[in-house]
Structure formats: structure tokens, C-alpha cells
Amino acid sequence: MLAIIGATCYIGNYKIYYFGAEVIRLLDDVEGAARGDLTVQAEVTADVLGTVADAFNLTIQNLRDIVQQVKVAAKEVTLMRHKFSDYC
């Protein structure tokens, strides 16, 4: 087992990257989302984890959009309920 963090290692012709510190930073960035905070944004960097962060940000944005749509739909249902109750 390799215990190298934040380093580059070559195995044969393959270059292997270890992103220990970067993973911790990404987890710190997105921790709020696990608690329901949809305002968090992960820092997008030029490395592989930047791609993960970008995908995370897009997912969170899509969730914010869905929440907004649900709020609008709930408001419309409430308005329709009040209109319907006026006729009964």
C-alpha cells in the first residue's frame, strides 16, 4: 500500500497522481451540501478534481433550479386551492 499523498509516482509507463490535500479541500468545499446548504460552490481547478468540482457545482445548480420550480408549483397550488374554495 502506498502512503504518498499529493505526489506523483510512476509505475511502468503510467503516471499516477495522488490528490490527498486536494480531496480534503474539495470535501471542505462541498460539506455544506450534505447539510442541505445549496449555496455552496466547490473551487474549480485545472486538475482532475477540478472536473469533479465543476460537475458538483452543476449538480447543485440543478438542485437549486428544481427547488425553485417546486416553490413556484406550491404557490400555484395554494392559489388554485383558494380559488376553488371560493366556489364551494
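Throughout, read-outs are computed from the coordinates displayed, never taken from laboratory work. Just so we're clear, the structure is a prediction, and the values are computed from it rather than from any experiment. Cβ sites come from the backbone with ideal geometry, for glycine too, and all protein chains shown count toward neighbours.
List, in order, the whole-Hz ³J(HN,Hα) value for each residue of the stretch 62-74 obtained from phi through the Karplus relation with A = 6.51, B = -1.76, C = 1.60 and θ = phi - 60°; use x for Gly and Pro.
Karplus values, whole Hz, x for Gly and Pro: 4, 5, 4, 4, 5, 4, 4, 5, 5, 4, 5, 4, 5.
How much length, in nm to one decimal, is gained on full extension between Val48 and Lys75, taken as 0.36 nm per residue of separation minus their Cα-Cα distance?
Numbers: separation 27, 0.36 × 27 = 9.72 nm, distance 4.13 nm.
Between Val48 and Lys75, full extension yields an extra 5.6 nm.
Over the Cα atoms of the stretch 20-68, what Rg and Dmax result, in angstrom?
Here Rg and the maximum Cα pair distance are 10.8, 36 Å.
Which loop-located trypsin sites (Lys or Arg not before Pro) does the stretch 35-78 contain, where loop means any DSSP state but H, G, I, E or B and the Cβ has at most 13 other Cβ atoms within 10 Å? Don't jump to the answer; show the numbers that get you there.
Working: sites: Arg35, Arg64, Lys71, Lys75; in loops: Arg35.
Those satisfying the criteria are Arg35.
How many nm separate the modelled label positions at Asp65 and His82, each set 7 Å beyond the Cα in the direction of the Cβ?
3.0 nm
For the stretch 49-58, just list the computed ³J(HN,Hα) in residue order, Karplus coefficients 6.51, -1.76 and 1.60, θ = phi - 60°, integers in Hz, with x standing in for Gly and Pro.
Going residue by residue, I get 5, x, 5, 5, 4, 4, 5, 4, 4, 5 Hz, with x marking Gly and Pro.
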